[in-house]
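Colleague: Handing you this structure, nothing more for now.
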């Protein structure tokens, strides 16, 4: 599970790690209802394309991958039930988020802490700031993401959002 704003090489490494250990991976794009916000600038559909194109470019067997967008739930107590209804069957969840681990463990779901690439380097917030400042961000994301962000003029979107005093519903 993740927001993937944008999908980066740390995320890609996790997908490969999970596929080394499991038959299939479900990539659940969270906060799918949010977009054009500083924290969530890309739509769920754009994130699906970024991930799909990155997996395909990396020669990952797409028949072993589900890419599904899910909305945030306001009733946290029913979140796990929502996940079970919204996603294909899953046996375990990979997460480094202590809050997510707590919620899933309380529902007796096996949570595995993955091995992360350098999380300070491979960090979507940092990458978005690097895109805005024209820093060298291209080596932190798959080439498919670079191409996709160029196609949708992602830098312009991030520039406008970051300078706007309009703050739509924050979350």
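The values are calculated or read from the model by the stated rules, or taken from the named source; none is laboratory data. These figures come from a predicted structure and were not determined experimentally. No Cβ is skipped: glycine too gets one built from the backbone with ideal geometry, and neighbour counts run over all protein chains shown.
Colleague: Please determine whether any residue of segment 97-108 is farther than 13 Å from residue 7 by Cβ, at pLDDT 95 or above and surrounded by 17 or more Cβ atoms within 10 Å (Cβ to Cβ).
Modeller: Residues of segment 97-108 farther than 13 Å from residue 7 by Cβ: 97-108.
Remaining after also requiring at pLDDT 95 or above: none.
No, the conditions are met nowhere in segment 97-108.
Colleague: Restricting attention to segment 35-52, report how many residues are out of contact with any strand residue (DSSP E or B) (no Cβ under 7 Å at 6 or more places or on another chain) and farther than 16 Å from residue 128 by Cα. Walk me through how you get there before you give the answer.
Modeller: Within segment 35-52, the first condition is being out of contact with any strand residue (DSSP E or B) (no Cβ under 7 Å at 6 or more places or on another chain), and the residues that meet it are 35-43, 45-46, 49-50.
Applying the additional criterion that residues be farther than 16 Å from residue 128 by Cα yields 45, 49.
Counting residues in segment 35-52 that are out of contact with any strand residue (DSSP E or B) (no Cβ under 7 Å at 6 or more places or on another chain) and farther than 16 Å from residue 128 by Cα gives 2.
Colleague: Against the definition (part of a loop (DSSP other than H, G, I, E, B), at pLDDT 95 or above and within 30 Å of residue 165 (Cβ to Cβ)), how does residue 74 come out, yes or no?
Modeller: Numbers: part of a loop (DSSP other than H, G, I, E, B): yes; at pLDDT 95 or above: no; within 30 Å of residue 165 (Cβ to Cβ): yes.
No: the conditions fail for residue 74.
Colleague: Residue 83 versus (1) in a helix (DSSP H, G or I); (2) free of Cβ contacts under 8 Å to residues at least 40 places away in the same chain; (3) in contact with a helix residue (DSSP H, G or I) (Cβ under 9 Å, 6 or more places away or on another chain); (4) farther than 20 Å from residue 16 by Cβ: which is the lone unmet condition?
Modeller: Among (1) in a helix (DSSP H, G or I); (2) free of Cβ contacts under 8 Å to residues at least 40 places away in the same chain; (3) in contact with a helix residue (DSSP H, G or I) (Cβ under 9 Å, 6 or more places away or on another chain); (4) farther than 20 Å from residue 16 by Cβ, residue 83 violates only (2).
Colleague: Tell me, please, whether a residue that is under 17 Å from residue 19 (Cα atoms), touching a residue at least 12 places away in the same chain (Cβ under 8 Å), touching a helix residue (DSSP H, G or I) at 6+ places or on another chain (Cβ under 9 Å) and in a loop (DSSP other than H, G, I, E, B) can be found in segment 120-136.
Modeller: At the first step, the residues of segment 120-136 found to be under 17 Å from residue 19 (Cα atoms) are none.
No, segment 120-136 contains no residue that is under 17 Å from residue 19 (Cα atoms), touching a residue at least 12 places away in the same chain (Cβ under 8 Å), touching a helix residue (DSSP H, G or I) at 6+ places or on another chain (Cβ under 9 Å) and in a loop (DSSP other than H, G, I, E, B).
Colleague: So, one more: Take segment 140-156 and flag every residue that is in contact (Cβ under 8 Å) with a residue 40 or more places away in the chain and either surrounded by fewer than 17 Cβ atoms within 10 Å (Cβ to Cβ) or in a loop (DSSP other than H, G, I, E, B) (or both).
Modeller: Those that are in contact (Cβ under 8 Å) with a residue 40 or more places away in the chain and either surrounded by fewer than 17 Cβ atoms within 10 Å (Cβ to Cβ) or in a loop (DSSP other than H, G, I, E, B) (or both): 141, 142, 143, 147, 152.
Colleague: Let me ask you something else. Of all the residues that make up segment 1-37, how many are part of a loop (DSSP other than H, G, I, E, B), within 20 Å of residue 119 (Cβ to Cβ) and more than 9 Å from the chain's Cα centre (by Cα)? Please lay out each step first, then the result.
Modeller: Start the filter on segment 1-37 by keeping residues that are part of a loop (DSSP other than H, G, I, E, B), which leaves 1, 3-8, 22-24, 30-37.
Still in the list and also within 20 Å of residue 119 (Cβ to Cβ): 1, 3-8, 30-31.
With the extra rule that they be more than 9 Å from the chain's Cα centre (by Cα), the set shrinks to 31.
Going through segment 1-37 one residue at a time, the tally reaches 1.
Colleague: Here's a follow-up. Take residue 114 and tell me if it is modelled with pLDDT of 95 or more and either under 29 Å from residue 21 (Cα atoms) or touching a strand residue (DSSP E or B) at 6+ places or on another chain (Cβ under 8 Å) (or both).
Modeller: Working: modelled with pLDDT of 95 or more: no; either under 29 Å from residue 21 (Cα atoms) or touching a strand residue (DSSP E or B) at 6+ places or on another chain (Cβ under 8 Å) (or both): yes.
So residue 114 does not fit the description; no.
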